[in-house]
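One structure is given here, and the rest of the page talks about it.
The values are calculated or read from the model by the stated rules, or taken from the named source; none is laboratory data. Because the structure is predicted, anything quoted here is derived from the model rather than measured. FYI the Cβ positions are ideal-geometry reconstructions off the backbone, even for glycines, and counts take in every protein chain you see. Remember, those area values only see protein heavy atoms, side chains included, never the ligands or the DNA or RNA. Shrake-Rupley method; radii C 1.70, N 1.55, O 1.52, S 1.80 Å.
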Amino acid sequence: MSVNTTERLEAQAPGRGEVRRRWRGVSHASTGYLFVAPFMLVFVAMLVLPLAYAAYLSLFQERLIGGTVFAGLSNYTRALTDPRLLHGVGRVALFFVIQVPIMLVVALLAALAIDSGLLRMAKVFRLGIFLPYAVPSVVAALMWGYLYGPDFGPFAQLADSLGLAAPKFLTSGWMLGSLANVVTWEFTGYNMIILYAALRAVPHDLYEAAAVDGAGAIRTAWSIKIPALRPALLVCLIFSVIGSFQLFSEPQLMQRLAPSVIDSGYTPNLYGYSLAFTGQEVNYAAAVSFLLGAVIVVASYAVLFITTRRSRS
Amino acid sequence: MFITRLFNIRRRTAVGTALALAALALAACGGGGGSSSGTASQAPAVSQADIDKAMSTPTELTFWTWVPNIQKEVDLFQKKYPAIKVKVVNAGQGTPQYTKLRTALKAGTGFPDAVQIEFQYIPTFALTKSLMDLRPYGAEALKDKFVPWTWQQVVGSGGQVWAVPQDSGPMGMLYRKDIFDKYGIGVPKTWEEFAAAARKLHAADPKVSMTNLAQSQAGVWFGMLWQAGVKPFESPTADSIKVDLNGAESKKVADYWGGLIKDGAVSADADFNDAWYQALNRGSYATWLTAAWGPVFLEGSAKATSGKWRAAPLPQWEAGKNVSGNWGGSTTAVVQGTKNPIAAAKLAEFINTDPESTKMFATQQFLFPVTKALLADTSFVDKPLPFYGGQPVNKLFAGISDTVDTKFQWPPFLDQTVSDWNETVGKSFANKTDSSAALDQWQDRITKYAQNQGFKVNP
């Protein structure tokens, strides 16, 4: 019976061998291209072309009166001496230097705590820290806007009931710190997940060897886990460089609460947005965006250079 | 809902960076396109036969507006012209809508046939040749139906009619009678009396300020300039502009308000946010210098204070005079490039002039009228409002509407002007710094911007 079936099946499928042969005829290289094609198509259409177009735009100047003229690199020279852009870049650089270390240290401690296995309800803890990342940044900014409120926010009310002055979260002196707090709250969980995943990949024998050598939990963390995390930390750091320099949604949403503190040049991205959509200076905005891109590339490279050199030495 | 007519730069939509950049690239796409018509020479009038034909041909119009429940007025139009179907789209309120409109116009596709445009944005969109001159469709004949200054707002420098007025916001003063009574303050008739009252009130109770001149509300500032007779912008020719933001009259206004704010007698909190609503409800502001749409707006936003408010005209710079400015107000315009200009022009005309439709705007959406007929309609103007102790507030504002200067002009780059106001004058209010120096900065920034954009400034 079973033999019969097999025979019948083979008899019914005369074309199979041919198909296989035809497929074998196609070279491996072109199969590869075929598989990559969907990605390449989207990549070129959604990233390369817009970038090229923006680069092209940045070389022109479209005026309300007189139309479009070729401007060469004058948009770039203007941007390089634009005090508002330079202040914005300085501000996000300061933001990066202060906020990122705090965020990464907290993320690292959280990842180590979960990985240590000593934590009760580790899953709840993990989810709890990660949850803010799942909250859209619009909602986050609105929520923090309420918490920071000088009249009705819980902190202000608490201070009021204690007879103290309300903390001035939304004033020019505090604003960058307030924004850093929101960003830390949002992204600590994300970084923690990356670090935690990397920790799970550390071979278990290393821990056993350490235990045999008499290392405690803290010693293991310091001498085995943290060195093993170096590549993952580097990834987090690069992401943070990009994220910091591209700071946009949080200040943009907080702008409504403190319009005189967050001006249109508060961060470089906000400045680019204002130039394009408020001032109709699309070409100049393109040049600003490109320069910001260059700043990010340089900063990322600098971070890579410094960290890898240190690991070699 | 009446925030519709404010124009502080508010970007409600959260746009991520990537999205913003993508939009930027998109916005720039098809840069060469756009229509070339709309130059100084006037197109010939469209014949009545063509109009009749267009209005009986089945057509679908798209109408971008953020007036709530405007479908009711649109239904009246569709009842009269059954062949025309109007698709109402709320594309955002103010700035978000304008941003979308610009993007669609640049892309050359996806823009509406008719669109709501606030008075102050008409020159901005006229300059980019985004609006159609409505004269060929008989718009000039509508002139006498409207309050003169509102009509002047929609007329271009070459006599073009860029839109049909929909509603307006002549400015007056809403005040807390209970607070005035408690501290023995009379209703100020001049700004001098107003300042004296402000200082007296501040001395008696530092927690209450005479008014709040919002650091984020360029609209009120323009209203104040308007009242003071300042002509901040004039366009003698299409490619030149006169910018006069820091003249003697403007400085007088800036020194006045800057001084009161520095002394703490007037606050400068950002408006239309939660803290501001709370302050209104709590009685932290003894007055609100606002537009004709303000009374109903306040009724909905400060319910706790019902019966305590009254309305009066704005205090005057010169005793005995009676002038005011405007804050807000909208129009219906027809977008350049529409395939159905006749039907769109007739829609703009109908909803803003038909007696039933305009009455509906005034009584259902509480838009302050711009037609002479409605402002003389006793059922509208004599209506007592219990929130104001039974005062017929509409009558007061109908009277104020006649005192608004007709010659005030807006710049052809409003967004930039407002954004720079926020960062100079508005900032000086917030930080209690020299407002007069801030005016100079404002003037300087706008001059540079206009020059960069190719205008001949102050020729």
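Here is how the numbers come out for the structure above:
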quantity: Helices (runs of 4 or more DSSP H) contained in the range A:214-313 and holding at least 3 residues among the basic types (Lys, Arg) and either open to solvent by 30 Å² or more (accessible area, probe 1.4 Å) or away from chain B (no Cβ under 11 Å) (or both); calculated: A:282-312
quantity: Pairs where the first residue, in the range A:279-306, is within 17 Å of A:Val100 (Cα to Cα) and the second is open to solvent by 30 Å² or more (accessible area, probe 1.4 Å), C-beta under 6 Å, 6+ apart; calculated: A:Ile296/A:Ile242; A:Ser300/A:Ile238; A:Val303/A:Leu237
quantity: Number of the exception - B:Ser168 against (1) modelled with pLDDT of 95 or more; (2) surrounded by fewer than 22 Cβ atoms within 10 Å (Cβ to Cβ); calculated: (2)
quantity: Residue match in the range A:100-118 (condition: in the same structural domain as A:Thr267 (by TED's automatic domain parsing) and touching a Pro at 6+ places or on another chain (Cβ under 8 Å)); calculated: no
quantity: Evaluation of B:Gly390 against (1) within 13 Å of chain A (Cβ to nearest Cβ); (2) free of Cβ contacts under 8 Å to residues at least 40 places away in the same chain (one fails), failing number; calculated: (1)
quantity: Candidate set from the range B:398-418 (those that are in contact with a strand residue (DSSP E or B) (Cβ under 6 Å, 6 or more places away or on another chain) and not hydroxyl-bearing (Ser, Thr, Tyr)); member that is nearest to the other protein chains (Cβ to nearest Cβ); calculated: B:Pro411
quantity: Close pairs (8 angstrom Cβ cut-off, 6 or more residues apart or separate chains): touching a residue at least 24 places away in the same chain (Cβ under 8 Å) in the range A:122-133, hydroxyl-bearing (Ser, Thr, Tyr) and surrounded by 15 or more Cβ atoms within 10 Å (Cβ to Cβ) anywhere; calculated: A:Arg126/A:Tyr196; A:Ile129/A:Thr188; A:Phe130/A:Tyr190; A:Pro132/A:Thr188; A:Tyr133/A:Tyr190
quantity: Residues (small (Gly, Ala, Ser) and either closer than 15 Å to B:Phe350 by Cβ or without any contact (Cβ under 8 Å) to a residue 12 or more places away in the chain (or both)) located in the range B:67-91; calculated: B:Ala83
quantity: Criterion: out of contact with any strand residue (DSSP E or B) (no Cβ under 8 Å at 6 or more places or on another chain) and open to solvent by less than 10 Å² (accessible area, probe 1.4 Å) - qualifying residue of B:Phe180, B:Phe119, B:Phe146, B:Phe125; calculated: B:Phe180
quantity: Pairs with Cβ under 9 Å, 6+ apart, first in the range A:144-156 and more than 9 Å from every other protein chain (Cβ to nearest Cβ) and under 10 Å from A:Leu257 (Cβ atoms), second open to solvent by 30 Å² or more (accessible area, probe 1.4 Å) and part of a loop (DSSP other than H, G, I, E, B); calculated: A:Trp144/A:Phe169; A:Tyr148/A:Pro167; A:Tyr148/A:Phe169; A:Tyr148/A:Trp174; A:Tyr148/A:Leu257
quantity: Count - residues of the range B:222-238 that are surrounded by 16 or more Cβ atoms within 10 Å (Cβ to Cβ), over 17 Å from the mean Cα position of the chain (by Cα) and either within 14 Å of chain A (Cβ to nearest Cβ) or in a helix (DSSP H, G or I) (or both); calculated: 2
quantity: Filtered residues of the range A:45-63 (kept if hydrophobic (A, V, I, L, M, F, W, C) and either outside any helix (DSSP H, G or I) or more than 7 Å from chain B (Cβ to nearest Cβ) (or both)); calculated: A:Ala45, A:Met46, A:Leu47, A:Val48, A:Leu49, A:Leu51, A:Ala52, A:Ala55, A:Leu59, A:Phe60
quantity: Residue within the range B:103-114 that is within 30 Å of B:Asp402 (Cβ to Cβ) and within 14 Å of another protein chain (Cβ to nearest Cβ) present; calculated: no
quantity: Flag for A:Lys123 being away from every other protein chain (no Cβ under 11 Å) and surrounded by 12 or more Cβ atoms within 10 Å (Cβ to Cβ); calculated: no
quantity: Any hit, the range B:90-103, residues being part of a strand (DSSP E or B) and not small (Gly, Ala, Ser); calculated: no
quantity: Selection count where residues are touching a helix residue (DSSP H, G or I) at 6+ places or on another chain (Cβ under 8 Å) and in a helix (DSSP H, G or I), scope the range A:97-127; calculated: 18
quantity: Within the range B:32-68, considering residues that are small (Gly, Ala, Ser) and modelled with pLDDT of 85 or more, the one least open to solvent (accessible area, probe 1.4 Å); calculated: B:Ala54
quantity: Residue within the range B:387-398 that is surrounded by 24 or more Cβ atoms within 10 Å (Cβ to Cβ), among the small types (Gly, Ala, Ser) and over 17 Å from B:Trp151 (Cα atoms) present; calculated: no
quantity: Test: residue in the range B:372-380 that is touching a strand residue (DSSP E or B) at 6+ places or on another chain (Cβ under 6 Å), away from chain A (no Cβ under 12 Å) and surrounded by fewer than 18 Cβ atoms within 10 Å (Cβ to Cβ); calculated: no
quantity: Residue count for the range A:78-93, restricted to those that are more than 18 Å from B:Arg445 (Cα to Cα) and open to solvent by 80 Å² or more (accessible area, probe 1.4 Å); calculated: 1
quantity: Single residue of the range B:424-459 satisfying the filter (closer than 22 Å to B:Ile261 by Cβ and touching a Lys or Arg at 6+ places or on another chain (Cβ under 8 Å)) that is most open to solvent (accessible area, probe 1.4 Å); calculated: B:Lys432
quantity: Filtered residues of the range B:198-210 (kept if surrounded by fewer than 24 Cβ atoms within 10 Å (Cβ to Cβ), away from chain A (no Cβ under 14 Å) and outside any helix (DSSP H, G or I)); calculated: B:Asp205, B:Pro206, B:Val208
quantity: Check on A:Ala141, over 13 Å from A:Val182 (Cβ atoms), assigned to a helix (DSSP H, G or I) and open to solvent by less than 80 Å² (accessible area, probe 1.4 Å); calculated: no
quantity: Total residues in the range B:404-459, condition assigned to a helix (DSSP H, G or I) and among the charged types (D, E, K, R); calculated: 8
